[in-house]
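Take a look at the structure below.
The values are calculated or read from the model by the stated rules, or taken from the named source; none is laboratory data. Keep in mind the model is a prediction, meaning the values are calculated, not measured. With ideal geometry, Cβ positions are generated from the backbone for all residues, glycine too; neighbour counts draw on all protein chains shown.
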């Protein structure tokens, strides 16, 4: 912890224009993609499912990266991932790369010609590949959240600090969308006065799912897919579709995902933290209620209400009844921001509302930024392009691991409060609950040793 980056120093080095170099003076050339054809950064995909195909892989390709390997514990999906990349390049008259296919990412990480990896796996498989990739000297783009439980985020932060030569981009891509940047610039420059409250609206997931055991498909390494989570019988609704790339069942099973509180919550809490300047801390008090299914395979929360208080006095309220987005509230009015009609994947729920625009305010004048704003935030126009550019320039990405962990952590704490149904006090510096052994025990769940982080 003696290498912890002080908050003010971190923010300063993250600003556009005059960013400090946060890396060793001499870096192996392969870490900068110098050995790749035409200097392009050579990337490997860990996970070839829905989010990889619809977001991460095409995002990196469009930003100029080149994939040289793919990996998935489902060999059919791994092969389809190879075909997807090659067809993407073929359709755009780009050179079609030779791509090696793996089913164990640890073997893939041994390759010295791989500069970087994208981690597009289920939530409970975000931490270990990230930690292992950083140990192998690879840059990492990792999907949110920072694992299924709080402990995994801590491990990912520790690995990122231990390997500062590697650029980590956390997958909260809303930071690289214009309206979210504008909203946070307006709030940070005092357009609504001091922030008093923040309202965050998220959708919910339905119960259901077939719990009946099924034979494990021969193309799936199910034991590895389970990873550190308990050994349980296979059923397709627990994992992912064997035909197609629809929304997978693991998103609705608490063993692997906390539900929408982390599924979308991390995105929106990240923007809330950015807007109120609390990116490297967390709530000090959390209260929550939620309904949980009592039948079927899918066990993540249904309707809920979360309230989190921060040391600066701001209260964040998260409810499924609010419009999907973030509303900053101050003495001068409110500013609301959402994705509007944008979707990260085809099966995402819509985020638009009939009464609110993607960037809206109680008074249109609140959306007018001063000509010379006193606060200037890090601006990125593309999350994947920002990651690749930071690999080349040796600068921090717009959402490094420390920030991604704190966004996830607040949602982890909200989920724990949902389960305990009582007010919890938390110390963001120690990253522990205050005098609450039961809650602290939930920060780290039991892990099967073979896959422990």
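Points to keep in mind about this one:
- Residues of region 223-241 that turn out to be touching a residue at least 24 places away in the same chain (Cβ under 8 Å) and within 25 Å of the chain's Cα centre (by Cα), as a count: 11
- Any hit, region 231-239, residues being part of a loop (DSSP other than H, G, I, E, B), more than 26 Å from residue 79 (Cα to Cα) and not assigned by TED's automatic domain parsing to the domain that holds residue 299: yes
- So residue 133, is it at pLDDT 95 or above and in the same structural domain as residue 395 (by TED's automatic domain parsing): yes
- Taking the conditions (1) touching a residue at least 60 places away in the same chain (Cβ under 8 Å); (2) in the same structural domain as residue 303 (by TED's automatic domain parsing) in turn, residue 390 satisfies each one other than (2).
- Sole exception among (1) in contact with a helix residue (DSSP H, G or I) (Cβ under 7 Å, 6 or more places away or on another chain); (2) more than 20 Å from residue 147 (Cβ to Cβ); (3) not assigned by TED's automatic domain parsing to the domain that holds residue 278 for residue 218, by number: (1)
- Failed criterion for residue 223 (all others in (1) assigned to a loop (DSSP other than H, G, I, E, B); (2) closer than 30 Å to residue 299 by Cα hold): (1)
- Qualifying positions in region 361-380 - assigned to a helix (DSSP H, G or I) and in contact with a helix residue (DSSP H, G or I) (Cβ under 9 Å, 6 or more places away or on another chain): 366, 367
- The requirement of being buried (at least 24 other Cβ atoms within 10 Å of the Cβ), part of a loop (DSSP other than H, G, I, E, B) and under 22 Å from the mean Cα position of the chain (by Cα) is not satisfied by residue 130.
- Of the residues making up region 392-402, just one is crowded, with 24+ Cβ neighbours inside 10 Å and in a helix (DSSP H, G or I), namely 401.
- The sole residue among 97, 129 that is touching a strand residue (DSSP E or B) at 6+ places or on another chain (Cβ under 6 Å) and farther than 12 Å from residue 46 by Cα is 97.
- Going through (1) part of a helix (DSSP H, G or I); (2) surrounded by fewer than 24 Cβ atoms within 10 Å (Cβ to Cβ); (3) assigned by TED's automatic domain parsing to the domain that holds residue 270 one by one, residue 191 falls short only on (1).
- Residue match in region 133-142 (condition: part of a helix (DSSP H, G or I), in contact with a strand residue (DSSP E or B) (Cβ under 9 Å, 6 or more places away or on another chain), in contact (Cβ under 8 Å) with a residue 40 or more places away in the chain and within 19 Å of residue 169 (Cβ to Cβ)): yes
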